[in-house]
1. Could you state the principal axis extents of the C-alpha atoms in the chain, from the largest down, to the nearest angstrom?
2. Throw me the Rg/Rh for the stretch 154-287, computed over C-alpha atoms with Kirkwood Rh, two decimals.
3. Could you estimate the translational diffusion coefficient of the stretch 1-44 from the Stokes-Einstein equation, with Rh from the Kirkwood formula over C-alpha pairs, at 4 °C and 1.567 mPa s, in whole µm²/s?
4. Once the stretch 131-212 is represented by equal point scatterers at the alpha-carbon sites, with solvent omitted, what log10 I(q)/I(0) does the Debye formula produce at q = 0.11, 0.16, 0.25 Å⁻¹?
5. Residue 99: accessible area at probe 1.4 Å, nearest 10 Å²?
6. Provide the solvent-accessible area of residue 197, counting protein heavy atoms only and rolling a 1.4 Å probe, rounded to the nearest 10 Å².
7. Please work out the Cα center distance from the stretch 16-56 to the stretch 193-256, rounded to the nearest Å.
8. So, with a 1.4 angstrom probe, what is the percent of accessible area on the chain that is carbon and sulfur?
Amino acid sequence: MRFVNADGRAALLVGDQVFDVEKASSGRLPADPMEAVRNYWDDLRTLAAEGALAGGVPLGDVTLGPPVPVPGAVYAIGVNYQSHADEVSHDVTRVPPVFTKFPSAVVGPTADVILPPGDHNTDWEAELCFVVARGGRRIPAADALDHLAGFMCSQDVSERLLQFSAGNQFSLGKSYDTFCPTGPAIVTLDELVAGGHDPADLGIQCRKSGEIVQDARTSEMIVDVPHLVELLSRVLTLRPGDICLTGTPAGVGWGRTPKQRLEPGDVVETTIEGLGTLTNHVLPPDA
Ligand code: ZN
């Protein structure tokens, strides 16, 4: 199943047709994508499995928003690829650094990224994002995948001057409005497998204005998704609709010599095999 936010409404994507969830369920399921993800995930799966949905519209006729527009929490994992740890000279620890992007930063797959005013060094981090469907605490890695709605692409856009100022302001430096593009769909694990993909080994790539700047596989993660679920839920209760960005491979702007940053007019494209592509245009600071 592919779940999308189409013009602000919960919808299923089948091929290139979008089916409104509320209409397709004759009003049994909600139109609000956040409510649908948080409270109706199993019902959505049932609806999708029944097939023969009516009333599809072409994907090109809608604007896709963030599939999880107001997550309760946006967890993010630091230095979870050895290649990225090397480029930023960070020691790899048994428990990777965990921080948050504030939910107000979340935007959709084609939203513009707006640069902050003043001096900045804003760059890109392509990341696999998992979405929690069934909450819980102390979830063992062996059970973790049963708790997930699925995966989507995400961009951990990062302003490094603030991030590394005043005792490491990771959460603030990564939470300017528009700094968390997500989507285009939540893709379930069985959908990935049916498409011939291994959910634990997906190609992940970032392009900046056409140039490939990151190119890796999610199997290179130091701590894999099931163990990230175990690690987080050992401390906190994961809740339906929480999302987690799982770290980025090498190739960020900050790790280059000389360092690179995004400029107005750049286009950031983030592609994960089987999940689709985020296309985000970079705009100058707003007034
Ligand atoms: Zn990141």
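The values are calculated or read from the model by the stated rules, or taken from the named source; none is laboratory data. Predicted model, so just to flag it, every value in this text is computed and none were measured. Backbone-built Cβ (ideal geometry, glycine too); neighbour counts: all protein chains shown. The protein model used for the area step is the full one, side chains on, heavy atoms only, and it has no ligands, DNA or RNA in it. Shrake-Rupley method; radii C 1.70, N 1.55, O 1.52, S 1.80 Å.
1. Computed over the Cα atoms, the extents are 55, 43, 32 Å.
2. When Rh is taken as the Kirkwood radius, the ratio is 0.97.
3. Rounded, D is 129 µm²/s.
4. Log-scaled intensity ratios, in q order: -0.47, -0.88, -1.13.
5. Ignoring ligands and nucleic acids, residue 99 comes out at about 20 Å².
6. For residue 197, solvent-accessible area is about 50 Å².
7. The two parts, judged by their Cα centres, are 27 Å apart.
8. That fraction is 52 percent.
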